[in-house]
Amino acid sequence: MEAALAPLAGNEALEVPGFSYLPRFITEAESAELLRYFGSLKPIWESRHAGDRAGRSESGSRRLTRPVYWLGAWQFACLGYYAAPDYLDEKCLRAEPFPAVMQGILDRLTEKVAAHHANSSLGALPNTCLINYYGSELTVDAKGRPQPRDYARLKMHRDGEPGPVVMFSIGQPALFEFVDGDRPTEPELALWLKNRSVVIFSGPHFKDHLYHRVTRVRYGDAPVMPEVVDDFRLRRVSVSFRFVPPTHIKALSEFSEPAQAEVRGYVEQLATSSPHFRAELEATPPKE
């Protein structure tokens, strides 16, 4: 058996069919503005319900491994994530738009993203994104001693939205891997994603066949990361952009009563700091 290749250092651009890596694409000024924006949000810990994908099983739940925030359309873990062609309805709750700094970076990527599109009818740029906060939860043991729990990982998965995925990386380098599901210990591509880098991947191989994951995030002091969640030390923020057909993005009032009940607690959390979600709640009072 051949020895596994060392991960690429992430200092140089990489272009292969279906995959683009652009180091230092995000400027230092944009990075600083993004960090201020990430620090202004109130990400939440969601739970994914055990059982069927719709998340309505009574058999229990487990918390996600990182705090998250969605823009454009919120896909709550308890409802199951949007995935064409089978999981389309009641998956995407309309959320806040992208901030100007984020949209500006995407606009500069228009031609690059369009080159990844197999289906031009989807549009050139994504319209929703997941902001992942990677770091360590600062827990203590029974004797009160600090016991940080590292949550700077993401298990292998595929994204089910149509079209390319675009990722921004801000913070400490992350080891990003693509693996075949039959050989998960042998990454086909492993790359350290550096601060201010952008990744785009698409197509039948990188998006539809291979899984991707984050197995490690380094520690470091620069850039200085904001404090976003109590008892949590942030090391990296990843923003993964996707495209969802607008017809599948609904207001809370358009969700069924069971789906509204499933997510209302999360929307109430978001509404404490988000005028958008506060308005959603006001427009959709709970049923008597």
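The values are calculated or read from the model by the stated rules, or taken from the named source; none is laboratory data. Note that the structure is predicted; figures quoted are calculated from it, not measured. Every residue, glycine among them, receives a Cβ derived from its backbone with ideal geometry; neighbour counts consider all protein chains shown.
Applying the selection to the range 109-151, what residues are modelled with pLDDT of 80 or more, in contact with a helix residue (DSSP H, G or I) (Cβ under 8 Å, 6 or more places away or on another chain) and part of a loop (DSSP other than H, G, I, E, B)? If the condition is that a residue be modelled with pLDDT of 80 or more, in contact with a helix residue (DSSP H, G or I) (Cβ under 8 Å, 6 or more places away or on another chain) and part of a loop (DSSP other than H, G, I, E, B), then L125, P126, N127 are the ones that fit.
Within the range 82-99, residues that are closer than 20 Å to Y266 by Cβ have Cβ atoms under 8 Å from residues that are of a type in the set (S, T, N, Q) and in a loop (DSSP other than H, G, I, E, B) in these pairs: Y82/Q75; E90/S256; K91/Q75; C92/Q75; L93/Q75; E96/S274, counting only partners at least 6 apart in sequence or on another chain. Among the conditions (1) within 21 Å of L14 (Cβ to Cβ); (2) within 20 Å of the chain's Cα centre (by Cα); (3) among the basic types (K, R), K112 misses just one, which is (2). Looking across R213, R149, one residue alone is surrounded by fewer than 20 Cβ atoms within 10 Å (Cβ to Cβ), touching an Asp or Glu at 6+ places or on another chain (Cβ under 7 Å) and either closer than 16 Å to G18 by Cα or in contact (Cβ under 8 Å) with a residue 40 or more places away in the chain (or both). It is R213.
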